[in-house]
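Asks: Let me give you the structure first, and then I'll get to my questions.
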Amino acid sequence: MPALAQAGYRVVAPYLRGYFPTDAPPNASYERAALTQDVLALIETLSDRPVILMGHDWGAAAAYGAAIVAPEKIAKLITLAVPDGENWGKAPLTDPAQQRRSWYMVFFQLSWVEAAVAYNDFAFVERLWQDWSPGWAYPHEEMEAVKEIFRQPAALTAALNYYRHTFNPAQSDPALQAIRKRHGEPIAVPTLYFHGEQDGCVGVEITEGMEKWFPNGLAKHLLSGAGHFIHQEQPAEVTRLILDWLGKP
């Protein structure tokens, strides 16, 4: 953020819904379509011009949704670690390697999983980070910040509801059906995409062929030695590539 601000950009980093210090109401929807609505509402509030939108993981999913629903509000799109397109849509159902990586999505559907995730001071979360970014010695303060969020009332359930509400049709909000049906459409916004070659959450092979989902251009960077938290593992390189791409017409 400081590097982008120094380059002349106004930078805003909102929390996703349900995360500290925002409220986490138990009756709220946490599916991808709701996140799409949140992004568009933030753009409407913060800018009277098309914005550059950037998102990692669930933030990427929300950004794709916003770019599909309202491309006129987004000048350029930057996403990390979660691709879009046919491969990602099918992989959890058809790709055995990705099924093994995505096991936690099924595990999170269980009603008692909050206790398992919180056990032994969230050792589950630490193990996930190790699996997703193997070899990354993440700073202690980063993990402590995540744990502090999950210690807040209802925050852990809200985080798990992202998976419950998105991947379990019984948990979907009928009012969001119109947005949900549009997910998977091509993205008309010029896009920059990053993926770590050692990503243990979403296999790098899932990014193959995603270019056809971006008819107005996709610049894709696969970074060696990086895992799922690519922007934290290689911040200087990611920032350099972002600024270079933004400077191009």
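Asks: Please determine whether any residue of the stretch 105-120 is surrounded by 13 or more Cβ atoms within 10 Å (Cβ to Cβ) and touching a Gly at 6+ places or on another chain (Cβ under 9 Å).
Replies: For the stretch 105-120, residues surrounded by 13 or more Cβ atoms within 10 Å (Cβ to Cβ) and touching a Gly at 6+ places or on another chain (Cβ under 9 Å): absent.
Asks: With the condition kept exactly as written, say whether any residue in the stretch 62-73 is farther than 28 Å from G203 by Cβ and among the acidic types (D, E).
Replies: yes
Asks: Among the listed residues F167, F150, which satisfies the condition of being in contact with a Leu (Cβ under 8 Å, 6 or more places away or on another chain) and at pLDDT below 95? Lay out the reasoning, then the answer.
Replies: Details: F167 fails: in contact with a Leu (Cβ under 8 Å, 6 or more places away or on another chain).
Of the residues listed, the single one that is in contact with a Leu (Cβ under 8 Å, 6 or more places away or on another chain) and at pLDDT below 95 is F150.
Asks: A further question on this structure: Among the helices (runs of 4 or more DSSP H) contained in the stretch 1-102, which hold 3 or more residues that are more than 24 Å from H195 (Cα to Cα)?
Replies: 32-46
Asks: Out of the residues in the stretch 33-45 meeting the condition of being touching a Pro at 6+ places or on another chain (Cβ under 9 Å) and open to solvent by 30 Å² or more (accessible area, probe 1.4 Å), tell me which one is nearest to E185 (Cα to Cα). Lay out the reasoning, then the answer.
Replies: From the stretch 33-45, those touching a Pro at 6+ places or on another chain (Cβ under 9 Å) are 38-39, 42-43; that's our starting set.
Imposing the further condition that a residue be open to solvent by 30 Å² or more (accessible area, probe 1.4 Å) reduces the set to 38, 42.
Details: D38: 19, L42: 22 Å.
Across the stretch 33-45, the extreme among qualifying residues is D38.
Asks: When both residues are 6+ apart or on different chains and their Cβ atoms are under 6 Å apart, which pairs have a first residue that lies in the stretch 205-218 and is exposed (fewer than 14 other Cβ atoms within 10 Å of the Cβ), and a second that is not in a helix (DSSP H, G or I)?
Replies: P215/P186; N216/A188; N216/P190; G217/P190
Asks: A further question follows. Given the options D121, D48, name the one that is of a type in the set (D, E, K, R) and on the phi < 0 side of the Ramachandran plot.
Replies: Working: D121 fails: on the phi < 0 side of the Ramachandran plot.
Matching residue, one of D121, D48: D48.
Asks: Could I ask something else about it? Given Y64, Y30, which one is aromatic (F, W, Y), in contact (Cβ under 8 Å) with a residue 60 or more places away in the chain and within 21 Å of E208 (Cβ to Cβ)?
Replies: Only one candidate passes the filter, namely Y64.
Asks: Within the stretch 173-203, count every residue that is of a type outside the set (K, R) and either outside any loop (DSSP other than H, G, I, E, B) or touching an Asp or Glu at 6+ places or on another chain (Cβ under 6 Å) (or both). Working first, answer last.
Replies: Start the filter on the stretch 173-203 by keeping residues that are of a type outside the set (K, R), which leaves 173-179, 183-203.
The next check asks that each one be either outside any loop (DSSP other than H, G, I, E, B) or touching an Asp or Glu at 6+ places or on another chain (Cβ under 6 Å) (or both); those that pass are 174-179, 191-196, 200.
Residues flagged as of a type outside the set (K, R) and either outside any loop (DSSP other than H, G, I, E, B) or touching an Asp or Glu at 6+ places or on another chain (Cβ under 6 Å) (or both) within the stretch 173-203 amount to 13.
Asks: Okay, moving on. Identify the single condition in (1) open to solvent by 10 Å² or more (accessible area, probe 1.4 Å); (2) closer than 19 Å to F229 by Cα that T79 does not satisfy, given that it satisfies every other one.
Replies: (1)
Asks: Does A61 count as closer than 24 Å to H221 by Cα and open to solvent by less than 60 Å² (accessible area, probe 1.4 Å)?
Replies: Considered against the rule, which asks whether it is closer than 24 Å to H221 by Cα and open to solvent by less than 60 Å² (accessible area, probe 1.4 Å), A61 comes out as yes.
Conditions tested, residue by residue: (1) closer than 30 Å to D121 by Cα; (2) touching a helix residue (DSSP H, G or I) at 6+ places or on another chain (Cβ under 8 Å).
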residue: Q152; (1), (2): yes, no
residue: A155; (1), (2): yes, yes
residue: A159; (1), (2): yes, yes
residue: Y162; (1), (2): yes, yes
residue: L176; (1), (2): no, yes
residue: K181; (1), (2): no, no
residue: G184; (1), (2): no, yes
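Asks: In the stretch 161-182, what count of residues is obtained for those that are surrounded by fewer than 20 Cβ atoms within 10 Å (Cβ to Cβ) and either closer than 19 Å to G18 by Cα or among the small types (G, A, S) (or both)?
Replies: The number of residues fulfilling the criteria is 9.
The values are calculated or read from the model by the stated rules, or taken from the named source; none is laboratory data. Keep in mind the model is a prediction, meaning the values are calculated, not measured. All Cβ positions, glycine included, derive from the backbone under ideal geometry; neighbour counts span all protein chains shown. Accessible surface areas use protein heavy atoms only, side chains included; no ligands, DNA or RNA. Shrake-Rupley method; radii C 1.70, N 1.55, O 1.52, S 1.80 Å.
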